[in-house]
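Colleague: Starting off with a structure, shown below.
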2 protein chains.
Amino acid sequence: MATTTRTTTPRERYRAQIRAEIKQHAWQQIATAGASALSLNAIAKQMGMSGPALYRYYLNRDELITELIRDAYRSLADAFRAASAASGSGTGLGALAHALRHWALADPQRYFLIYGTPVPGYHAPDDTTAIADEIMTALLDACPAAPADASVSPFEAHLAEHRTWAADHPAAPATLRRALAFWTRLHGVLSLELAGHFTGMGFDVGRLFAAELQDLLAAAGSPPGRG
Amino acid sequence: MATTTRTTTPRERYRAQIRAEIKQHAWQQIATAGASALSLNAIAKQMGMSGPALYRYYLNRDELITELIRDAYRSLADAFRAASAASGSGTGLGALAHALRHWALADPQRYFLIYGTPVPGYHAPDDTTAIADEIMTALLDACPAAPADASVSPFEAHLAEHRTWAADHPAAPATLRRALAFWTRLHGVLSLELAGHFTGMGFDVGRLFAAELQDLLAAAGSPPGRG
DNA sequence: ATGTTCCAGTTAGAAGCTATCACGGAAGCT
DNA sequence: AGCTTCCGTGATAGCTTCTAACTGGAACAT
């Protein structure tokens, strides 16, 4: 019983290291062949052990992918947090947008792990939604406060009455609407870009992204149309 | 060799029917379990034959999925064409948006087959890009003509110089930009909605979609900010 | 009506995957 | 040292895609 208060035993440290190594190989595989092609067997071979050994570290393939999704969320939240910290509060929307695009382009398959095609049966664990809330909070914080005399559009009124999300955040309805627009519009451009739907069209997607961002920032003074 | 000019032999008709039946089962499977879970074996069993029999009709799994993608594109293009025909030219953006959302909600996995996570190795066949062009043309046709005195934003100027896409279409740069915004913004909302990223947030996604559409239509008079 | 050709569908089998089980041995704890 | 815990192995079941060889019957030709 001596030193039962040890925070990490050697075995725990070894386990954590192997788990991390497994994830590392998994990321590499996902980046090159996509998440659906992830093979525990192949990972085991790359690590020099036999297939069933991995089941000591992950219950099954789904648990590994779930952890990868969790890590991806965590990584995006960290990138947002860093971008927020680097820029002043209330003026960091551009910084957030840039961080998002940089993060997405760095590893498209990681982006799709979060925002890509969902598997019908799969349900994300609760803590990922907590991280998603964190991301949304960073986004709401970065939105400039709406002018007090701004008129409230019908959709903003609807949002004001249905804000179970962001219930803790003291954001005006116009801010909620802007945050949603930021999310959906930039995701729209990014997702199509990463999926290659703009390839061969000739124009610079980065400029489209920037233009959409400019639209979002320009609307800071005057809230979106009748939305 | 007699009657080689016969348009369809009985055998060809039989083949076409079986191929259609296979696709029908494939769609059903995709709708319930996603494209990655599509199993030729399961389809064969549902049709009362053994697995390898399907290889008489499709070279491999990829060819079947490719044909499903082709059909999905075709279906979306037809939906667009119908929506365009039902509304006046130059005023049908709202009709197109409604058709798009209806089409997407009818079978989310079909939508993801086109706009979802891409498989890194996979390359869509050339004719799908032809259908994609058809879709884009319908979209450009539906966009109202920009006022002649409208100023040209920097991004619109860039588009004017890089329009290898839509080279055949007599659309003004502002129209190209609007079509892109229509595509990316509505896809942004739809894709997040279908993936379930709004579930639990409390508000009505249909209203968000409508609000984004209103923004796009309101900008018909005054082109998007500095984009 | 009688070949002849062609083709759909079968079974068998290779190679791959996930996942479970029982075993041997090494590492850590007392 | 002795005991326990747990890692990694090989064997196995069941699934998948896909190939190969074979059979039976339909369509076609004479």
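The values are calculated or read from the model by the stated rules, or taken from the named source; none is laboratory data. All figures in this text were calculated on a predicted structure; none of them were measured in a lab. Methodologically, a virtual Cβ is constructed for each residue, glycine included, from the backbone with ideal geometry; neighbour enumeration extends over all protein chains shown.
Colleague: Can you find a residue that is touching a helix residue (DSSP H, G or I) at 6+ places or on another chain (Cβ under 6 Å), more than 28 Å from residue B:176 (Cα to Cα) and at pLDDT 95 or above anywhere in segment A:187-196?
Modeller: Checked against the condition, which is being touching a helix residue (DSSP H, G or I) at 6+ places or on another chain (Cβ under 6 Å), more than 28 Å from residue B:176 (Cα to Cα) and at pLDDT 95 or above, segment A:187-196 yields no hits at all.
Colleague: Across segment B:160-189, what is the number of residues that are in a helix (DSSP H, G or I) and either surrounded by 18 or more Cβ atoms within 10 Å (Cβ to Cβ) or touching a strand residue (DSSP E or B) at 6+ places or on another chain (Cβ under 7 Å) (or both)?
Modeller: The first filter runs over segment B:160-189 and keeps only residues in a helix (DSSP H, G or I), leaving B:160-161, B:173-189.
This time we only want the ones that are either surrounded by 18 or more Cβ atoms within 10 Å (Cβ to Cβ) or touching a strand residue (DSSP E or B) at 6+ places or on another chain (Cβ under 7 Å) (or both), so: B:173-189.
The qualifying residues number 17.
Colleague: Report whether or not residue A:46 is of a type outside the set (Asp, Glu), more than 30 Å from residue A:98 (Cβ to Cβ) and within 16 Å of DNA strand D (Cβ to nearest atom).
Modeller: yes
Colleague: Return the residue satisfying two criteria in turn: it lies in segment A:96-107 and is farther than 16 Å from residue A:30 by Cα and within 14 Å of another protein chain (Cβ to nearest Cβ), and of such residues it is farthest from DNA strand C (Cβ to nearest atom).
Modeller: A:97
Colleague: Of everything in segment B:111-139, what is free of Cβ contacts under 8 Å to residues at least 60 places away in the same chain and among the β-branched types (Val, Ile, Thr)? Give them in sequence order.
Modeller: Listed by number, the residues that qualify are B:114, B:117, B:119, B:128, B:129, B:137.
Colleague: So is residue A:175 more than 8 Å from chain B (Cβ to nearest Cβ) and more than 26 Å from residue B:218 (Cα to Cα) or not?
Modeller: Working: more than 8 Å from chain B (Cβ to nearest Cβ): yes; more than 26 Å from residue B:218 (Cα to Cα): no.
Answer is no for this residue.
Colleague: Something else now. Quick one: in segment B:50-95, which of the residues that are among the aliphatic types (A, V, I, L, M) and within 16 Å of DNA strand C (Cβ to nearest atom) is farthest from the other protein chains (Cβ to nearest Cβ)?
Modeller: The initial filter retains those residues of segment B:50-95 that are among the aliphatic types (A, V, I, L, M), namely B:53-54, B:59, B:64-65, B:68-69, B:72, B:76-77, B:79, B:82-83, B:85-86, B:93, B:95.
Restricting the remaining residues to those that are within 16 Å of DNA strand C (Cβ to nearest atom) gives B:53-54, B:59, B:64.
Numbers: B:53: 26, B:54: 21, B:59: 20, B:64: 16 Å.
Checked segment B:50-95; the qualifying residue farthest from the other protein chains (Cβ to nearest Cβ) is B:53.
Colleague: Moving to a separate point now. Given the structure, is residue B:14 at pLDDT 95 or above, within 26 Å of residue B:127 (Cβ to Cβ) and over 22 Å from the mean Cα position of the chain (by Cα)? Explain how you work it out, then say what you get.
Modeller: Working: at pLDDT 95 or above: no; within 26 Å of residue B:127 (Cβ to Cβ): yes; over 22 Å from the mean Cα position of the chain (by Cα): yes.
So residue B:14 does not fit the description; no.
Colleague: Here's another thing I want to ask about it. Show the residue pairs meeting these rules: Cβ distance below 8 Å; 6+ apart or different chains; first residue within segment B:184-202 and free of Cβ contacts under 8 Å to residues at least 40 places away in the same chain and in the same structural domain as residue B:97 (by TED's automatic domain parsing); second residue in a loop (DSSP other than H, G, I, E, B) and among the basic types (Lys, Arg).
Modeller: Close Cβ pairs satisfying both conditions: B:202/A:163.
Colleague: So which residues in segment A:190-210 are facing another protein chain (nearest Cβ under 7 Å), closer than 17 Å to residue B:165 by Cα and part of a helix (DSSP H, G or I), if there are any at all? Reasoning before the result, please.
Modeller: In the first step, residues of segment A:190-210 are kept if they are facing another protein chain (nearest Cβ under 7 Å); the result is A:191-192, A:195-196, A:201-204, A:207-208.
Next cut, closer than 17 Å to residue B:165 by Cα only: A:192, A:196, A:201-204, A:207-208.
Those that are facing another protein chain (nearest Cβ under 7 Å), closer than 17 Å to residue B:165 by Cα and part of a helix (DSSP H, G or I): A:192, A:207, A:208.
Colleague: Being β-branched (Val, Ile, Thr), within 16 Å of DNA strand D (Cβ to nearest atom) and in the same structural domain as residue B:175 (by TED's automatic domain parsing) narrows it down to one residue among B:66, B:32, B:8; which is it? Break it down into steps so the answer makes sense when it comes.
Modeller: Values: B:32 fails: in the same structural domain as residue B:175 (by TED's automatic domain parsing); B:8 fails: in the same structural domain as residue B:175 (by TED's automatic domain parsing).
That would be B:66, the only listed residue that is β-branched (Val, Ile, Thr), within 16 Å of DNA strand D (Cβ to nearest atom) and in the same structural domain as residue B:175 (by TED's automatic domain parsing).
Colleague: Same structure again: For a quick check of your reading of the model, give me the residue pairs whose first member lies in segment A:17-36 and is within 12 Å of another protein chain (Cβ to nearest Cβ), whose second is buried (at least 16 other Cβ atoms within 10 Å of the Cβ) and acidic (Asp, Glu), with beta-carbon atoms closer than 9 Å and at least 6 apart or on different chains.
Modeller: Pairs found: A:30/A:107; A:31/A:107.
Colleague: Restrict the check to segment B:112-121 and report whether at least one residue is under 26 Å from residue B:29 (Cα atoms), away from every other protein chain (no Cβ under 11 Å) and in a helix (DSSP H, G or I).
Modeller: Residues of segment B:112-121 under 26 Å from residue B:29 (Cα atoms): B:112-121.
This time we only want the ones that are away from every other protein chain (no Cβ under 11 Å), so: none.
No, every residue in segment B:112-121 fails to be under 26 Å from residue B:29 (Cα atoms), away from every other protein chain (no Cβ under 11 Å) and in a helix (DSSP H, G or I).
Colleague: Looking at A:99, A:86, A:82, which is the one that is more than 16 Å from DNA strand D (Cβ to nearest atom) and within 22 Å of residue A:188 (Cα to Cα)? Outline the logic, then answer.
Modeller: Working: A:86 fails: within 22 Å of residue A:188 (Cα to Cα); A:82 fails: within 22 Å of residue A:188 (Cα to Cα).
Answer to the check: A:99.
Colleague: Report whether or not residue B:107 is out of contact with any helix residue (DSSP H, G or I) (no Cβ under 7 Å at 6 or more places or on another chain) and of a type in the set (Asp, Glu). Step through it out loud before you land on a result.
Modeller: On the way: out of contact with any helix residue (DSSP H, G or I) (no Cβ under 7 Å at 6 or more places or on another chain): no; of a type in the set (Asp, Glu): yes.
Criteria not met by residue B:107.
Colleague: Mind checking which residues of segment B:137-164 are in contact with a Phe, Trp or Tyr (Cβ under 8 Å, 6 or more places away or on another chain) and within 30 Å of residue A:31 (Cβ to Cβ)? Full working, then the answer.
Modeller: Start the filter on segment B:137-164 by keeping residues that are in contact with a Phe, Trp or Tyr (Cβ under 8 Å, 6 or more places away or on another chain), which leaves B:138-139, B:143, B:158-159, B:162-163.
Of everything in segment B:137-164, just one residue is in contact with a Phe, Trp or Tyr (Cβ under 8 Å, 6 or more places away or on another chain) and within 30 Å of residue A:31 (Cβ to Cβ), namely B:162.
Colleague: From the list A:157, A:145, exactly one residue is more than 15 Å from the chain's Cα centre (by Cα) and part of a helix (DSSP H, G or I). Which is it?
Modeller: A:157
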